[in-house]
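Colleague: Quick one: this structure, given as structure tokens, is what I'll be asking you about.
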Amino acid sequence: MDVKNIETELSKFIYELETEDRLVRVGLKEKAETSKIYKKYQNLFTREVLDGLKKQINKTGNAKTREILQRIYFTIAGSFIGLKTAVLDDSIKTYFSQAKVKVRNEELAYFQISPKIAKEPVFDQRELYSDAIDYVITKISPKQLELLNTEVKLIQNLGYGNYLAFYAKAKKMDYANFNKIADKIKKETDNLWQRTIEKVSKEILGRSFKNLRSCHMVYLRSLSMFDNLYPKEKVVSTFLQFANDLGLADLLSRVKIDDKDRPRKNPRAVCYWPKPPQEVHLVIKPIGGEQDFEAMFHEGGHALHGAAVDTKLPYALKTLSRSGALTETYAFILEDLVFNPLWLSTFLNVSANSAQRIQKQAYFVNLMMLRRYLGKFSYEYEMFSQNAIAKGPALYAKNLQNLTGFITKKIYWLSDMDSGFYSADYLRAWIGAAQIKDYLKRKFGQKWFLNPKAGKFLRGLFARGVSDEVEDVVRKLSYRPFDISLLVSGYKKVLS
Ligand SMILES: [Zn+2]
């Protein structure tokens, strides 16, 4: 099969796969059947195709051609694994979307529990909700472990030493070095974090910060004390107004927004790019409050990015990204606006005093999430660099507690893991977003989000699709890749 044909077939496959995944995730399809789609395209996902691509990669002297071929190669390699794990993966997804939980006399869908915890003001009740899903997780973990072990075995069959080596090549990342950077972020925020969480714990949870369970992070994250300032019915319209003010309204016609409430709909918002720039889907399940606006603007960042992709780019540079770090950066830049005091007064008519309070609380939450992801990454890094999957549960609980201070149950070690070191993609985005936000303010003013010139600048970045990694983009804007100083100083400025 020649490369052009492979690319065409791959684009059809990805379209079908993204669509299937979305329908199950939003609760419109009961059973996940990606395995059928993998089977339909199984002639693409073979060793012969992979070997053929490898030969071409070694032969070409052109850097751009090599980059494109490598992306196709790693997509096919991922699907070679996917073909053999799809049945298992489907059954896990179907299981979660159908799982039911009983709390006292209330029967709830599994996916309704975390929004319940987020909005539950009674301390003990939150723990009750959290305990109720333990058995759902415990019951499925043998399958999740089987899935991970199969993936590791297939990666080795493909000739890579281990899980870490495969993703280091696929994502062009030096994870040992990145682990040092992550550790530096931890050290530089340790004191600030400790001071802040102790204060917040007393003020909001009503107890000193000792032996508290991680379910309370879900509550803290929801910033529910500010619910009345973030009206649920304005979530979507505020985003549309924002895009309009930035001069990006034309992109919205390509973005299909699903904000319906269905019990089986996964509460975690998401964006799909089945065919950028023509077809992009934004999925959100509002529950009321600040978190909805964060989710809407985060996914809105992904959606505008996808809808602005230059149609003339080769398919691989439109869709087949090395990592998710760049698009997560764009998502973070928009997400952070919803607790920016200037934005709050402009879009939600919030008083200066309330906006300051929101900003402070939201920065605390943001730092909490950053530390949670540092914990997730360090656990995954230690586990996979030592080829020690058996140590996973203990490492997970230890590292999460070390970074957040909250007690985290071992049983979540697999449910809380996004494959392919996606935790590192988020951390890279945290660093890059601090840098690009600094650029936007310097170049277009504190109120850059109202300036169509800033919109034009962002459109230019988005148009390049997934051609670049976030570190390439910040380098072009004269920032140092992986420089954590702006990220750290941002928290210090607001929280000290
Ligand atoms: Zn995202």
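Colleague: Convert each backbone phi in the range 217-228 into a coupling constant with the Karplus relation 6.51 cos²θ - 1.76 cosθ + 1.60 (shift: θ = phi - 60°), then list the ³J(HN,Hα) values in order as whole Hz, x for Gly and Pro.
Modeller: Working through the residues one at a time gives 5, 4, 5, 4, 4, 6, 6, 5, 5, 10, 3, 5 Hz.
Colleague: List the residues whose amide H sits under 5 Å from the amide H of Asp258, counting only those 5 or more places along or on another chain, with H placed 1.01 Å from N in the peptide plane.
Modeller: HN-HN under 5 Å from Asp258: Leu282, Val283, Ile284.
Colleague: Per residue of the range 134-148, what does 6.51 cos²θ - 1.76 cosθ + 1.60 with θ = phi - 60° give for ³J(HN,Hα)? Whole Hz please, x for Gly and Pro, Karplus curve as stated.
Modeller: Each residue of the range 134-148 in turn: 3, 5, 4, 6, 4, 5, 8, 4, x, 5, 5, 5, 4, 4, 5 Hz.
Colleague: Still on this structure: So how strong a dipole does the range 119-227 carry about its Cα centre when Lys and Arg Cβ are +1 and Asp and Glu Cβ are -1, to the nearest 20 debye?
Modeller: That gives a dipole near 380 debye.
Colleague: Pairwise over distinct Cα atoms, reciprocal of the mean inverse distance: report the Kirkwood radius of the range 294-359 in Å, one decimal place.
Modeller: Answer for the range 294-359: a Kirkwood hydrodynamic radius of 13.4 Å.
Colleague: OK, next. Extension gain Asn402-Gln356, at 0.36 nm per residue separation less the Cα-Cα distance, in nm?
Modeller: Answer, rounded to one decimal: 13.6 nm.
Colleague: Related question: Along the Cα→Cβ direction, 7 angstrom out, place labels at Thr8 and Arg195. What is the inter-label distance in nm?
Modeller: 6.3 nm
Colleague: Let me ask something additional. Name the long-range amide H neighbours of Ile407: under 5 Å, sequence gap of 5 or more, or other chain; modelled H, no Pro or chain starts.
Modeller: Leu212, Arg213, Ser214
Colleague: For the cross-link pairs Lys153/Lys376; Lys84/Lys312; Lys441/Lys476; Lys93/Lys275, which exceed 25 Å when the distance is taken from alpha carbon to alpha carbon?
Modeller: Lys84/Lys312
Colleague: Determine the dipole magnitude for the chain: charges of +1 sit on the beta-carbon of Lys and Arg, -1 on that of Asp and Glu, nothing else is charged, the reference point is the Cα centre, and the result goes in debye to the nearest 20.
Modeller: 640 debye
Colleague: Another question about this same structure. Under a cut-off of 18 Å between alpha-carbon atoms, report the aspartates and glutamates in cross-link reach of Lys492, not counting same-chain residues fewer than 8 places apart.
Modeller: In chain and number order, the partners are Asp183, Glu188, Asp190, Glu198, Asp336, Asp438, Asp483.
Colleague: May I ask you to evaluate 6.51 cos²θ - 1.76 cosθ + 1.60, the Karplus curve with θ = phi - 60°, for each residue of the range 74-87 and list the ³J(HN,Hα) values in order in whole Hz, giving x for glycine and proline?
Modeller: 6, 5, 5, 4, x, 7, 4, 5, x, 4, 8, 10, 4, 4
Colleague: How much FRET efficiency would the formula 1/(1 + (r/R0)^6) give for Ala390 and Arg104, where r is the Cβ-Cβ distance and R0 is 30 Å, rounded to 0.05?
Modeller: For Ala390 and Arg104, the calculated efficiency is 0.25.
Colleague: Let me ask you something else. Give me the Å³ per residue figure for the convex hull around the C-alpha atoms of the range 186-345.
Modeller: 163 Å³
Colleague: Too long at a 32 Å Cα-Cα cut-off: which of Lys100/Lys256; Lys187/Lys409; Lys234/Lys437; Lys39/Lys398?
Modeller: Going by Cα-Cα distance, Lys39/Lys398 fall outside the 32 Å limit.
Colleague: Need one number: nm distance between label points at Thr138 and Gln125, each 7 Å from Cα along Cα→Cβ, rounded to one decimal.
Modeller: 2.6 nm
Colleague: Here is a further query. Tell me the Kirkwood hydrodynamic radius of the range 175-495 in angstroms, computed as one over the mean inverse distance between distinct C-alpha pairs.
Modeller: Across the range 175-495, the inverse of the average 1/r is 20.3 Å.
Colleague: Listed highest first by mean packing, meaning other Cβ atoms within 10 Å per residue, what order do 260-269, 357-366, 318-327, 210-219 come in?
Modeller: 318-327, 357-366, 210-219, 260-269
Colleague: Averaging sequence separations of C-alpha pairs under 8 Å and six or more residues apart, then dividing by the length of the chain, give the relative contact order as a whole percent.
Modeller: 17 percent
Colleague: Counting only helical runs of four or more DSSP H residues, what would the 222 nm mean residue ellipticity of the chain come to if each run contributes -39,500 (n - 2.57) and the total is spread over all its residues?
Modeller: -21000 deg cm²/dmol
Colleague: Starting from 0.36 nm per residue, how many nanometres of slack lie between Lys232 and Glu48 once their C-alpha separation is accounted for?
Modeller: Extending this stretch completely gives an extra 61.0 nm.
Colleague: Continuing with this model, one more query. Counting pairs of Cα atoms in the range 143-260, how many percent are more than 23 Å apart?
Modeller: Distances greater than 23 Å cover 67 percent of the Cα pairs.
Colleague: Testing the spin-label approximation: label points 7 Å from Cα along Cα→Cβ at Gln56 and Lys476. State their distance in nm.
Modeller: 2.6 nm
Colleague: Ranked highest first by the average count of other Cβ atoms within 10 Å around their residues, in what order do 418-429, 164-175 fall?
Modeller: Going from most to least packed, we get 418-429, 164-175.
Colleague: Where the centre of each part is set by its Cα atoms, how far does the range 292-311 sit from the range 71-118, in angstrom?
Modeller: 23 Å
Colleague: When DSSP assigns beta bridges and you keep just the ones with both residues in the range 175-495, what percent turn out antiparallel, to the nearest 5?
Modeller: That works out to approximately 45 percent antiparallel.
Colleague: Once you keep just the Cα pairs under 8 angstrom separated by 6 or more residues, what percentage relative contact order results for the range 64-136?
Modeller: This gives 22 percent for the range 64-136.
Where a number appears in this text, it was derived from the coordinates with a stated rule and is not lab data. This structure is a prediction, so every number in the text was calculated from the model and none was measured. With ideal geometry, Cβ positions are generated from the backbone for all residues, glycine too; neighbour counts draw on all protein chains shown.
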